[in-house]
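Presented below is the structure to which this report refers.
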Amino acid sequence: MQNLKSKEALIKLFNNQQKNQFYVGNSTYKQRLKKLNVLKKAIEKKYRTKIQEALYADFKKPFTETDLTEIYPIISEIKHVKFHLKSWMNKQRVATPIALLGASSYVKYEPKGVCLIISPWNFPINLTFSPLISAIAAGNTVIIKPSELTPNTSHLMKEIVEELFDEQEIALIEGEIETSQELLKLPFNHIFFTGSPSVGKIVMKAAAKNLSSITLELGGKSPTIVDKTANIKTAAKKIIWGKFINNGQTCIAPDYILVHQTVKSELLKELKKQISNFYSNNPAASSSYCRIVNEKHFNRLKDHILKAKQSEASIELGGNFNKDENYIEPTIISNLPINSDLLQEEIFGPILPIISFQNLNEAINYINSKEKPLALYIYTKSNKTANFIIHNTRAGGTCINHNIIHYSNHNLPFGGSNNSGIGKSHGFYGFQEFSNKRAILKQHTKGSIEFLFPPYSKLKQKLINFTIKWL
Ligand code: NAD
């Protein structure tokens, strides 16, 4: 994207989409449905194996995990949208106050226009096509910029998009960070960004220049609280699944555990047992355990482990790595110094720190001393404890007695809060994010407000007094 020609090509593409936006925006329910069906069929049938192969080539993601975390979420999102789209596209009638007698009102969800989707590498298919589904449903034109860190998958997505859609409507541009930067200079009507909080700030700054609206799906440290009443065995099983799926490279993975000290050793025992159940005693040879995406991220995680080893922390399990394969062993660490990087930065890898607490307020104060997380998980048998935690913390989403699966309920909004994100996605929330809620009021008869037009008089003042008091 360094040369002028490429820049010009982007501007031309943007201008063409801008010209085309009313044609796309005025598409009917059936036309939008057709586009969603075409995408569904391609992902479910023609490209499913190619997607599995591309993700395996990018970071040895197991085929089954690709089915579960990339194919299934897209197919189920499309099914959900197809089921509801007609009603979402209808006029949403709202009440009109009596002071506006003679008028009726409704909200029309109109397309925002030309949208930009910038997606990350960790679930590239899911996190590119999921916002695309919402954008199509809402009637927008879209330019997509996927991550450069999973080149096989990004290239395949380009092939899919080019086969299915006219570029004046939906286009995918591969490229490095410079490509994102060039795209961010353009006056998009909406920017949907998924990635890190630090790049989120760059996107927000760029969006401010054009007053483009934004959705920021960001990350952070998602805590897991294990209360003394929790079923430790099932908690451990779910935590290990949530943490090590995708090799810990999941925005809503449990980043660290806060466990009541009376159940810490039991939890540790169960966590270790579950790792061995899922990935055997030699995870390097397990076909269910994928790899770190690249050398840079491998080195970042390796340094975390080396620093922990040099500190007073206890490596409870794992701690080994293999540079040739970008392999990091499933690792559990306790007694980390409070200021260690592992307790400060989003881990985004297969390292699980454990911190113990004596009373719940300690755990809550610890969470509240950090940025608002994208997710917060609670394992407890006590509703009172779960409610106490929910009322005294803030987070984008929460599961009680589970983790990460709230992502799969399309009836729930998905997203963070402040540092972990701005705006929501999935289902109706995603459709809303790509729509302008246009307020429409129609006057049918002579309205009561007309009695109050100038010139003002004593009678009109009395009517206004009446209106203020009674209507
Ligand atoms: P990233 O922020 O490094 O990159 C995301 C995208 O932004 C990529 O397409 C990249 O090309 C582009 N980009 C990177 N630097 C840029 C810059 N300076 N200017 C413009 N564009 C730039 O994130 P990542 O490493 O791909 O993904 C990991 C992060 O994403 C983690 O923080 C994770 O928690 C978060 N994440 C959040 C969600 C969510 O739904 N909330 C989902 C997945 C990942």
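The values are calculated or read from the model by the stated rules, or taken from the named source; none is laboratory data. Here the structure is a predicted model, which is why all the values come from computation and not from measurement. In this analysis, Cβ positions are derived from the backbone assuming ideal geometry, glycine residues included, and neighbour counts consider all displayed protein chains. Surface accessibility is based on the protein's heavy atoms, side chains included, excluding ligands, DNA and RNA. Shrake-Rupley method; radii C 1.70, N 1.55, O 1.52, S 1.80 Å.
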Next on the checklist: In whole percent, and with a 1.4 Å probe on the protein chains, what portion of the accessible area of region 402-451 is carbon and sulfur?
Outcome noted: 56
Next on the checklist: Just to confirm my numbers, what's the Cα centroid distance between region 184-198 and region 394-454 in Å?
Outcome noted: 19
Checklist entry - Percent antiparallel among DSSP beta bridges with both residues in region 60-169, to the nearest 5? => result 40
Checklist entry - How many percent of DSSP beta bridges within the chain run antiparallel, rounded to 5? => result 35
Item to check | Fraction of beta bridges assigned by DSSP in region 223-415 that are antiparallel (%, nearest 5) | outcome: 20
Checklist outcome for this item: Here the FRET efficiency for VAL107 versus PHE466, based on Cβ atoms and R0 = 30 Å and rounded to 0.05, is 0.55
Checklist entry - In sequence order, what are the phi-derived ³J(HN,Hα) couplings for region 362-367 according to the Karplus relation 6.51 cos²θ - 1.76 cosθ + 1.60 with θ = phi - 60°, rounded to whole Hz, with x for glycine and proline? => result 4, 5, 5, 5, 5, 4
Next on the checklist: Order MET157, MET89 by their accessible area, 1.4 angstrom probe, all chains in place, largest first.
Outcome noted: MET89, MET157
Checklist entry - Largest first, what is the accessible-area ranking of GLU176, GLU312 with a 1.4 Å probe? => result GLU312, GLU176
Checklist outcome for this item: Nearest 10, in degrees from 0 to 90: the angle of helix 4-25 to the longest Cα principal axis of the chain is 50
Next on the checklist: Could you report the accessible area of LEU68 in Å², rounded to 10, computed with a 1.4 Å probe on the protein chains as they sit in the structure?
Outcome noted: 90
Item to check | Backbone N within region 177-205 under 18 Å of label point (7 Å from GLU8 Cα along the Cβ vector) | outcome: 182-183
Next on the checklist: What percentages make up the Cα-Cα pair-distance distribution of the chain when the bins are 10 Å wide from 0?
Outcome noted: 4, 18, 26, 22, 15, 8, 4, 2, 0
Checklist outcome for this item: If R0 = 56 Å, then GLU53 and THR96, at their Cβ-Cβ distance, give a FRET efficiency to the nearest 0.05 of 0.50
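Among the listed pairs LYS45/LYS296; LYS30/LYS238; LYS50/LYS272; LYS7/LYS205; LYS238/LYS437, which are separated by more than 29 Å between their Cα atoms?
LYS45/LYS296; LYS30/LYS238; LYS50/LYS272; LYS238/LYS437
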Item to check | Accessible surface ranking that places the most exposed of ASP227, ASP67 first, with a 1.4 angstrom probe | outcome: ASP67, ASP227
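Highest mean first, what order results for 24-31, 281-288, 259-266, 413-420 on Cβ atoms within 10 Å?
Values: 24-31: 14.1, 281-288: 12.6, 259-266: 17.1, 413-420: 21.5.
The peptides rank, most packed first, as 413-420, 259-266, 24-31, 281-288.
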Checklist entry - Could the peptides 211-222, 267-278, 442-453 be put in order, highest first, of the mean number of other beta-carbon atoms found within 10 Å of their residues? => result 211-222, 267-278, 442-453
Item to check | Within region 279-375, trypsin sites (Lys or Arg not before Pro) in DSSP loop having at most 16 other beta-carbon neighbours inside 10 Å | outcome: LYS370
Checklist entry - Can you give the FRET efficiency for ALA285 and LEU211, using 1/(1 + (r/R0)^6), R0 = 51 Å, r = Cβ-Cβ distance, to the nearest 0.05? => result 0.45
Checklist outcome for this item: Here, ASP341 and GLN443, labelled 7 Å along Cα→Cβ, have an inter-label distance in nm of 6.6
Next on the checklist: So if I take the centroid of the Cα atoms in region 111-176 and the same for region 224-293, what is the distance between those two points in Å?
Outcome noted: 33
Checklist entry - By how many degrees, between 0 and 90 and to the nearest 10, does the Cα long axis of helix 48-59 differ from the longest principal axis of the chain? => result 60
Next on the checklist: Using protein chains only and a probe of 1.4 angstrom, how many square angstrom of ILE315 are accessible, to the nearest 10?
Outcome noted: 60
